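A.B. asks: Have a look at this one.
The values are calculated or read from the model by the stated rules, or taken from the named source; none is laboratory data. On a predicted model such as this, the values are computed, not experimentally measured, just so you know. Because the Cβ atoms are built from the backbone with ideal geometry, glycine has one as well, and the counts that use them run over all protein chains shown. For accessibility, only protein heavy atoms count, side chains too; no ligands or nucleic acids. Shrake-Rupley method; radii C 1.70, N 1.55, O 1.52, S 1.80 Å.
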Amino acid sequence: MPFKSFLGGRDSSARRAKAASALSESEKLDMLDELENSGLGWFWASDTSGNLTYLSAAIAERMEVPLDDLIGQPLANVFSPREGQARSKSLSLMLGAHKAFNGYVVEAASGNSGAVIRLAGQPIDDRNGKFAGFRGTGADITAEYYREEETERLAKFDALTGLSNRHRMAQIIDSTLIAFQAAKRNCAVMMLDLDRFKHVNDTLGHAAGDELLRQVSSRLQRSIDRDCEIGRLGGDEFQVMVPDVDDRGILGDIAMKIIDMLKQPYSLDEGRCVIGASVGIAIAPHDGVTRDEVVRSADLALYAAKNGGRGQYRFYSGDLENEAIFRRRLEEDLGKAVREEQLFLKYQPIVSASSQNVEALEAHICWAHPQRGEIDQEEFASILDGASHVVDVGNWAISEACNAAVEWPETVRVSVNVPVQLFANEDFVDRVASALSEADIAANRLELEISEAVFFGDTNAVDRTLGSLFKLGVRLTLDEFGSGYSSLAYLRRAPFDTIKIDENLIVEAESNDDSRELGLLKAIVALAGALDMQTVANGIETMDLMKVLRDCGVSYLQGPIFSDPIAINAVHEELVGESWRIEPSDDRTKRARRRTVFRKIQVIHDDHSYEVTLRNLSKTGALIQGLADVPKGTQFVVDLGGGQLAVATVIRSSADTQGLEFEQDLIDDGSGGLCTRNRVSPYALASAGAPLAALSQGDYKGMAGGMLGQNASAPQFGYAPIRHHEAA
């Protein structure tokens with residue numbers, strides 16, 4: 001239908017305006033026809049029932065639907081509102097109400113053109129003033145619409161990964177916590193930081209770093225199988241919000257799954273790489289009510305997780321803030337520690353699997369801090385990681401270890417771990433040569449443990465350094481082999497004498513005799529044998545694991561079952577004889593793993609709380625001391641602090657000491673400790689008259705509302721006399 005015919009039903013009053021125009025009516029109609037045919041302006045018309053009576057051919061062509069298939073169809077069936085169009089603007093309702101509309105954004109209800117059209121419509125009356133239908137226009141706004149949509153998307157989502165960006169995550173967490181506070185619901189926030197990402201970015205390039213972040217994003221989304229919001233805050237920092245979960249067992253499992261998935265190898269165009277992740281967890285309302293409070297708590301937990309050795313998770317607790325402040329001070333004091341000779345080495349024996357003779361000792365750096373006291377090798381390693389003094393400390397450790405080994409039998413080697421930053425230092429080989437020369441020790445008595453991470457650096461520089469060390473005559477150990485990113489190329493390129501098997505692989509192999517890890521362990525030993533290399537297994541804690549490793553053919557064994565790191569004086573005493581043989585013992589491991597627990601807590605019975613001493617704590621129970629005449633079968637609520645209340649029953653009672661069994665087992669807290677799955681909700685405390693804040697240790701018997709009992713009663717237990725001779 002030509003546009004002139006489309007206008008035929010209009011009132012003649014429009015024609016009377018021709019005297020005011022230089023164009024004739026015919027010329028105006030010709031111009032409108034040209035406009036319609038050009039596609040710059042489209043027209044449509046409907047009857048009183050909303051069925052199309054006219055549609056510009058250009059619209060049908062743009063929609064990729066034959067025009068004949070559209071004429072006679074209800075307008076609401078031809079066009080569908082775009083996502084986000086307000087429901088109150090239903091096309092059917094507007095047509096039925098005979099109301100004019102403008103700027104209504106639609107797309108074709110059928111076809112795959114992707115065209116986006118802006119519609120406008122005006123109700124028309126006939127000469128008798130009776131509703132005759134609609135007349136309207138349309139405009140193709142596809143490019144404009146998608147451009148605006150992309151602009152809006154970029155304002156909310158991270159352009160690299162497609163995850164929510166920092167701004168959107170802040171809005172979502174804010175609105176969620178406000179709504180959840182009114183509804184008395186819980187919400188967890190996780191902060192994630194990638195370990196070793198900067199090294200990959202620096203060595204493989206920013207393009208590789210970008211692709212790595214995209215793969216991390218994909219794995220993150222696959223690792224969490226529940227409702228959540230995931231965002232990238234920038235760099236290698238991510239954030240996860242998990243609503244309606246305060247069970248720390250569930251959250252710990254989620255965090256561990258994230259860590260396990262993110263540490264698996266990544267394949268990039270520039271090469272293979274492996275990173276890790278640390279996770280900090282805070283839960284509203286326990287660890288804060290507002291977004292600022294909860295995110296800050298999660299940040300502190302993340303900081304603690306990274307300081308604890310990376311590759312782990314940590315829940316927020318009230319003492320983390322002081323811990324974080326003290327940790328920063330330790331990092332600042334590290335330079336002074338090097339200058340003032342506060343550092344010292346302890347040595348852990350490496351034992352021959354066949355003879356159980358000590359054939360090497362691994363040096364561990366410790367710190368005699370003036371205020372803190374001795375900082376052991378594990379904590380010191382976390383302080384040193386990424387510190388500016390890592391090269392100075394590493395060079396000192398090699399020199400100190402060589403000087404110590406001079407006093408040992410020539411058959412005993414000394415092993416020193418080499419950080420990546422030290423290995424990449426341009427004068428590293430010269431410093432090693434100087435240490436050997438100054439100590440006057442044979443080069444083959446120094447063993448350098450090198451991480452596979454050094455291979456992510458400049459290939460030529462790495463090969464030159466390894467070649468120079470080989471010519472120097474020192475022994476080389478490839479550390480943490482089997483950690484998830486091992487490559488045979490490393491073994492072909494470098495003259496390694498020993499492979500040190502990753503400790504996590506060893507632990508997993510122990511848990512299942514038929515596991516793939518055990519098969520991989522045997523394969524590593526066989527590979528080392530084929531390449532004329534020896535193998536070391538570290539972290540051995542049980543006799544069963546030691547037997548498994550011996551059966552696999554591992555050359556050397558190391559771990560608490562033989563000895564923890566010991567002072568240099570003890571080493572000299574043991575090496576006085578012709579040889580130092582260590583008989584393995586489970587008892588050493590049990591002593592090493594026993595947690596020192598000696599602190600005041602409260603236990604609650606009826607509506608009274610009693611202060612007692614916690615002597616022992618396990619997943620299933622506790623040992624308390626301080627109350628007299630407590631019969632077996634008594635039930636207590638044990639307050640472990642921070643809102644952690646555990647229901648327990650007395651299963652043993654002797655004088656002032658009671659053995660308790662928990663109704664629900666405690667769980668790992670991510671840092672080697674124990675915690676309850678759930679905590680008393682501050683919302684519950686608020687209803688009982690307490691402030692809406694994290695629960696603190698204290699006496700609950702005076703709380704309004706009688707949370708622990710409606711009727712006051714007399715205390716049933718008295719305090720036992722303090723036994724001063726008891727050692728902590």
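A.B. asks: What number goes with the only condition from (1) touching a residue at least 24 places away in the same chain (Cβ under 8 Å); (2) farther than 23 Å from ARG677 by Cβ that ALA304 does not pass?
C.D. replies: Among (1) touching a residue at least 24 places away in the same chain (Cβ under 8 Å); (2) farther than 23 Å from ARG677 by Cβ, the lone unmet condition for ALA304 is (2).
A.B. asks: Which of the residues belonging to region 531-545 are over 15 Å from LEU478 (Cβ atoms) and aliphatic (A, V, I, L, M)? Please lay out each step first, then the result.
C.D. replies: Residues of region 531-545 over 15 Å from LEU478 (Cβ atoms): 539-545.
The answer is ILE540, MET543, LEU545.
Per-residue answers, yes or no, for (1) touching a residue at least 24 places away in the same chain (Cβ under 8 Å); (2) within 30 Å of GLY205 (Cβ to Cβ); (3) not polar (S, T, N, Q):
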position	(1), (2), (3)
LEU436	yes, no, yes
ASP440	yes, no, yes
LEU446	yes, no, yes
VAL454	yes, yes, yes
THR459	no, yes, no
LEU469	yes, yes, yes
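A.B. asks: Taking the options LEU192, LEU154, name whichever one is among the aliphatic types (A, V, I, L, M) and closer than 25 Å to ARG82 by Cα.
C.D. replies: After applying the criteria, what remains is LEU154.
A.B. asks: Cβ-Cβ under 8 Å, sequence separation 6+ or interchain: first residue in region 87-100 and surrounded by 12 or more Cβ atoms within 10 Å (Cβ to Cβ), partner aromatic (Phe, Trp, Tyr) and modelled with pLDDT of 85 or more. Which pairs?
C.D. replies: Matching pairs, first to second residue: LYS89/PHE101; LYS89/TYR104; LEU91/PHE79; LEU91/TYR104; MET94/PHE101; MET94/TYR104; LEU95/PHE134; HIS98/PHE131.
A.B. asks: Only residues that are surrounded by 22 or more Cβ atoms within 10 Å (Cβ to Cβ) and β-branched (Val, Ile, Thr): list them for region 241-257, please.
C.D. replies: VAL242, ILE254
A.B. asks: Residues to consider are ASP227, ASP260; find the one that is outside any helix (DSSP H, G or I), within 30 Å of LEU666 (Cβ to Cβ) and open to solvent by 10 Å² or more (accessible area, probe 1.4 Å).
C.D. replies: ASP227
A.B. asks: What about GLY235, is it open to solvent by less than 20 Å² (accessible area, probe 1.4 Å), touching a Leu at 6+ places or on another chain (Cβ under 9 Å) and not hydrophobic (A, V, I, L, M, F, W, C)?
C.D. replies: Considered against the rule, which asks whether it is open to solvent by less than 20 Å² (accessible area, probe 1.4 Å), touching a Leu at 6+ places or on another chain (Cβ under 9 Å) and not hydrophobic (A, V, I, L, M, F, W, C), GLY235 comes out as no.
A.B. asks: Please give the strands (runs of 3 or more DSSP E) falling wholly within region 294-370 in which 2 or more residues are surrounded by fewer than 23 Cβ atoms within 10 Å (Cβ to Cβ).
C.D. replies: 343-352, 358-369
A.B. asks: Continuing with this model, one more query. Any residue in region 527-553 that's assigned to a strand (DSSP E or B): show its pairings with residues that are open to solvent by 30 Å² or more (accessible area, probe 1.4 Å) at Cβ separation under 8 Å, as long as the two are six or more apart or on different chains.
C.D. replies: Listed by first residue and then by second, the contacts come to GLN534/ASP497; GLN534/SER555; THR535/GLY553; THR535/SER555; VAL536/SER555.
A.B. asks: Please find, within region 380-415, the residue that is most open to solvent (accessible area, probe 1.4 Å) out of those that are without any contact (Cβ under 8 Å) to a residue 40 or more places away in the chain and of a type in the set (Val, Ile, Thr).
C.D. replies: This residue is VAL406.
So that you can scan it fast, the table gives a plain yes or no per residue for (1) at pLDDT 85 or above; (2) under 39 Å from the mean Cα position of the chain (by Cα); (3) on the phi < 0 side of the Ramachandran plot:
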site: VAL105; (1), (2), (3): yes, no, yes
site: ASP126; (1), (2), (3): yes, no, yes
site: ARG153; (1), (2), (3): no, yes, yes
site: ASP174; (1), (2), (3): yes, yes, yes
site: ALA207; (1), (2), (3): yes, yes, yes
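A.B. asks: Can I ask one more? Can you work out which of the residues in region 187-222 that are part of a helix (DSSP H, G or I) and within 24 Å of ARG291 (Cα to Cα) is most open to solvent (accessible area, probe 1.4 Å)?
C.D. replies: GLN221
A.B. asks: Out of LEU160, LEU177, I need the residue that is in a loop (DSSP other than H, G, I, E, B), open to solvent by less than 60 Å² (accessible area, probe 1.4 Å) and in contact (Cβ under 8 Å) with a residue 60 or more places away in the chain. Which one? Show your work before the answer.
C.D. replies: Details: LEU177 fails: in a loop (DSSP other than H, G, I, E, B).
None of the other options fit; the residue is LEU160.
Conditions (1) in contact with a Lys or Arg (Cβ under 7 Å, 6 or more places away or on another chain); (2) open to solvent by less than 60 Å² (accessible area, probe 1.4 Å), marked per residue:
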| site | (1), (2) |
| --- | --- |
| GLN377 | yes, yes |
| ASN417 | no, no |
| GLU426 | no, no |
| ASP430 | no, no |
| ALA433 | no, yes |
| LEU436 | no, yes |
| LYS471 | no, no |
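A.B. asks: With the requirement that a residue be of a type outside the set (S, T, N, Q) and open to solvent by less than 30 Å² (accessible area, probe 1.4 Å), what does region 650-668 give you?
C.D. replies: VAL650, ASP656, GLY659, LEU660, PHE662, LEU666, ILE667
A.B. asks: Can you tell which of VAL638, VAL647 is under 23 Å from ILE283 (Cβ atoms), open to solvent by 30 Å² or more (accessible area, probe 1.4 Å) and at pLDDT 90 or above?
C.D. replies: Being under 23 Å from ILE283 (Cβ atoms), open to solvent by 30 Å² or more (accessible area, probe 1.4 Å) and at pLDDT 90 or above holds for just one of VAL638, VAL647, which is VAL647.
A.B. asks: Please indicate, with yes or no, whether at least one residue in region 264-276 is buried (at least 16 other Cβ atoms within 10 Å of the Cβ), among the polar types (S, T, N, Q) and over 17 Å from GLY643 (Cα atoms).
C.D. replies: no
A.B. asks: On to the next question. Confirm whether GLY673 is of a type in the set (Gly, Ala, Ser), at pLDDT below 90, surrounded by fewer than 18 Cβ atoms within 10 Å (Cβ to Cβ) and under 30 Å from GLY309 (Cα atoms).
C.D. replies: It is true that GLY673 is of a type in the set (Gly, Ala, Ser), at pLDDT below 90, surrounded by fewer than 18 Cβ atoms within 10 Å (Cβ to Cβ) and under 30 Å from GLY309 (Cα atoms).
A.B. asks: Could you tell me whether region 139-146 includes any residue that is in a helix (DSSP H, G or I) and either basic (Lys, Arg) or in contact with a Lys or Arg (Cβ under 8 Å, 6 or more places away or on another chain) (or both)?
C.D. replies: Checked against the condition, which is being in a helix (DSSP H, G or I) and either basic (Lys, Arg) or in contact with a Lys or Arg (Cβ under 8 Å, 6 or more places away or on another chain) (or both), region 139-146 yields at least one hit.
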